[in-house]
Amino acid sequence: MTITGEMLIGAQAHRGGEGEFRAVDPASGEALEPAFGGGGAAEVDRACVLARAAFDVFRETGLDQRATFLETVARNILDIGDDLIDRAMAESGLPRARLEGERGRTVGQLRLFAQVVREGGWIEPRIDPAMPDRKPLPRPDIRQRHIPLGPVAVFGASNFPLAFSVAGGDTASAFAAGCPVVVKGHGAHPGTSELVGRAIRAAVASCGLPEGVFSLLFGTGNEIGTALVADPRIKAVGFTGSRRGGLALMEVAARRPEPIPVYAEMSSINPVFLMPAALASRAEALGKGFVASLTMGAGQFCTNPGILLGVEGPDLDRFVAAAVEALGGSAASTMLTPGIHAAYDSGVAKLAASGAVTTLARGMACSGPNQAQAAFFTTTADAFLADTGLQEEVFGAASLLIRCGDAAAMKTVAERLEGQLTATVQMDAEDKAAVAALIPTLERKAGRILANGWPTGVEVCHAMVHGGPFPATSDPRSTSVGTLAIRRFLRPVCYQDIPADLLPEAVRDGNPLGLWRRVDGELGRE
Ligand SMILES: NC(=O)C1=CN([C@@H]2O[C@H](COP(=O)(O)OP(=O)(O)OC[C@H]3O[C@@H](n4cnc5c(N)ncnc54)[C@H](OP(=O)(O)O)[C@@H]3O)[C@@H](O)[C@H]2O)C=CC1
Ligand SMILES: O=C(O)CCC(=O)C(=O)O
């Protein structure tokens, strides 16, 4: 499939005239062909007009038709073949195996959402039949179903060019809910975005859907994303990226005459609690496991273990020695973009320069452009508590060990942490009581609590929560990974005494769609 450098606005491929840009191969620093034409207000307007026009048709597509659409997108992505992986490798510096795995995750989540759509549980129909003879007042006939919010703006993430980008989790869950999607492609991987966008566009056409179900826009500055979020036809936003970017878009959304929800996944440092018995029994294995998780993908995961907490003592020293040895032997890795690389270097330099922080180890030296050396630092609980700057995410393979005087200090630090995507405990049976005391704090702080694993690598499934309190996300009530993600793009509508033949099928008598429904309080399939 040829990459043309055009935006995809409904059925049209359109070259933008507001500035030109090229992707950069971060491994060589060289610009890649072709040039992309950036869009502006006119392109945002056209994409949103089409999305609005498509909404009422798309939201009432049959469950099977919508599921087939998601499956067709998945198949079309696979049909691009190696061209997609080759381009994504060139644009991201990520290795083939990682990107092939990410493609599997992307098509897997599209197919999982197809199952969810067919099963229809997300509609959550409720029926409270009329009670005309109820005293002192009769009860009207009250029915409820969930409908999609409307067109959704999705911002592709730099660090997952496939699974969190054009056809990633935000797009899959918005389509599943019945929302048209306008994607603002990430400037780091426009060619990958165009290839995937064309796969979606072909699925829209072959499934007989209105063209406005999907558009893909590019731009050379913040203007296009701002205009998209401000557009009155957009009703929700999905974003993965920096805290600054997420906050800026939340502000744009809140200032609209009609404010809309922004589901932004931003920054998280993912604390790992090294409990005493676990350290005593397996400090060396934990040290190696930590470094493997920290350095995976050049540390460019929002689930990266950015801080560790342990109680001072010889077992913690054994952990440090093992981690220092593993980290010292870790090769420097190419980061996604020159900007992300520069941000990493400056975050690491800031930590290294802090009087309260000691550098424990650095990875192997860099040998090419945009490469980063892993970094491992340590500080005390008191110093960490005194300097809120030490909680700032350094996006990449950098981590800070907080040495605590005792278990109580660990809990005190936990209480002071900002909201997180994950919190991990490394524990043995003897640690159970201490972990039980910690869990209520971790529940308040994080979206996902793990025992004896590492936070990187999020399973796409029904029970997953990839979310958490601010600043991990802008809305702790939701997840951006897993099937619950569909809820972000739905809202309930209630039908009171509406004539039977005007009711949507989901809440009609006789249950024509065969859905699970709560009728007069009882869950069943009547
Ligand atoms: N926690 C996490 O999951 C992640 C965190 N990051 C962090 O983000 C930094 C930069 O990486 P990047 O991925 O580019 O993230 P950004 O937040 O900078 O950008 C993400 C997307 O949002 C857009 N955007 C950003 N700011 C604004 C704004 N003020 N108004 C309108 N649109 C905006 C960008 O558009 P454009 O660039 O075209 O302006 C881009 O499409 C990293 O160094 C890292 O610190 C990155 C990835 C994941
Ligand atoms: O760890 C993962 O698999 C997902 C991480 C993520 O969501 C991110 O880095 O943006």
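Any read-out appearing in this document is the output of simple, stated calculations on the displayed coordinates, not a laboratory observation. Note that the structure is a prediction, hence the values are computed from the model and not measured. Note that each Cβ is placed from the backbone with ideal geometry, even for glycine, and that neighbours are counted across all protein chains shown.
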So for each of 196-202, 497-503, 105-111 I average, over its residues, the number of other beta carbons within 10 Å; can you give me the resulting order with the highest mean first?
196-202, 105-111, 497-503
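At a threshold of 8 angstrom on Cα-Cα distance, excluding pairs fewer than six apart, so keeping six or more, what relative contact order does the range 272-451 reach in percent? Write out the running numbers ahead of the final one.
Working: 331 pairs, mean separation 50.9, N = 180.
Relative contact order for the range 272-451 comes out at 28 percent.
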In nanometres, what is the gap between the two model label sites at ARG508 and ARG98, each 7 Å from Cα along Cα-to-Cβ?
5.1 nm
So if I place +1 on the C-beta of Lys and Arg and -1 on the C-beta of Asp and Glu, and nothing else carries charge, what would the dipole magnitude of the chain be about its Cα centre? I want it in debye, nearest 20.
760 debye
If contacts are Cα pairs under 8 angstrom and at least 6 residues apart, what is the relative contact order of the chain in percent?
17 percent
Cα extents of the chain along the three principal axes, largest first, in whole Å?
74, 65, 40
Let me check I've understood the local charge: for LEU390, count other residues with C-beta under 15 angstrom from its C-beta, Lys and Arg +1, Asp and Glu -1. What total comes out?
-2
Need the full-extension length gain, ALA383 to ALA463, defined as separation in residues times 0.36 nm minus the C-alpha distance. One decimal, nm.
25.1 nm
For the range 396-526, build the charge dipole from Cβ charges (+1 Lys, Arg; -1 Asp, Glu) around the Cα centre, then report which of VAL458, ALA500, THR473 sits farthest towards its positive end.
THR473
Give the angle, between 0 and 90 degrees and rounded to the nearest 10, that separates the Cα long axis of helix 407-416 from the longest principal axis of the Cα atoms of the chain.
50 degrees
Cβ crowding within 10 Å averaged over residues, with 411-424, 391-404 ranked highest first
391-404, 411-424
Taking the Cα-to-Cβ direction at GLU30 and at GLU251 and moving 7 Å from each Cα, how far apart do the two end points lie in nm?
4.0 nm
Amide H to amide H, which residues 5 or more places from HIS186 or on other chains are under 5 Å from it, using H placed in the peptide plane?
GLY156
Would you grab the residues whose amide H sits under 5 Å from the one on VAL519? Only those 5+ places off in sequence or on another chain, please, with H modelled 1.01 Å from N.
ILE127, GLY524
Burial ranking of peptide ranges 277-286, 42-51 (average Cβ count within 10 Å, highest at the top)
42-51, 277-286
Please list, by residue number, everything in the range 328-344 whose backbone N is under 11 Å from a paramagnetic label point 7 Å out along Cα→Cβ of MET364.
328-333
Excluding same-chain pairs closer than 8 in sequence, count the lysine pairs in the chain whose Cα atoms lie under 22 Å apart.
4
Using the Karplus curve 6.51 cos²θ - 1.76 cosθ + 1.60 with θ = phi - 60°, what ³J(HN,Hα) values do you get for each residue of the range 278-292, in whole Hz, with x for Gly and Pro?
5, 4, 4, 8, 8, 4, 5, 5, 5, x, 5, x, 4, 5, 4
Amide H partners (placed H, <5 Å) of PHE273, local residues excluded
LEU309, THR424, VAL425, GLN426
